Amino acid sequence: METLELGADELEALRLADLEGLYQEECARRMGISRTTFSRTLTQAHQTVADALVHGKRLVVAPLGETDCRPASGLTPVHQQTIEDTEERTMKKILLTANDDRGLDGEMAMHFGRCSYFVLAHVDGDNQVTGTEVHPNPYAERHEPGQIPRFIQSLGAEVVVAGGMGGKAIEWFRRLGIEVATSTRPGVAETLSEYLAGTLTGAVECQHEQ
């Protein structure tokens, strides 16, 4: 039987987030790591446990201190964490809903759950866009509660800007530690500029998104 190993840090992430039900910011604080690192650790833990359950594999937990956490680059975990923390302070990932795959040139989607695409903008510490990604919405036709927020979390987004969003989705993002904002501007680029200028904050709940 194939054996999968769950790291001690992954087990702790599961305990804090899934057993104690803490928000990710608090989980990261308790573990002494960044929120981005915690989110990545939790995602890996979920994937490992799911693989074991679905495929009938043996799951063991690595004793604390026995897991080889040295990155492929040769950096020690402490140095790697320092780099990740620095990157987190200077880089932000902002996701916007879109009706097309034209990226920043596209049109904002007014219905969060049924939007066709997500535009993920990488923004540096000077609020300059350094890159964008366009991801199709895999749940545009049909989705269960929480599926889209969890998918967006897996993309590493820290902020979600949509034309409209229902209360349940807003609550899901709040629990995942992801900021939410809504805007009525028609274009993706101008909506992003509005957010970066600090004039777009908070989310107005709409009634058609469930």
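Just so you know, all these numbers are worked out from the coordinates, no wet-lab data involved. None of the values given here were measured: they were computed from a predicted structure. Every residue, glycine among them, receives a Cβ derived from its backbone with ideal geometry; neighbour counts consider all protein chains shown.
Note on the range 3-64: Kirkwood radius taken over Cα pairs, Stokes-Einstein applied at 10 °C and 1.306 mPa s, translational D equal to 135 µm² s⁻¹. Binning the alpha carbon pair distances of the range 89-196 at 10 angstrom intervals from zero yields the distribution 16, 54, 28, 2, expressed in whole percent. The ranking of ASP126, ASP18 by Cβ neighbour count inside 10 Å, starting from the fewest, reads ASP126, ASP18.
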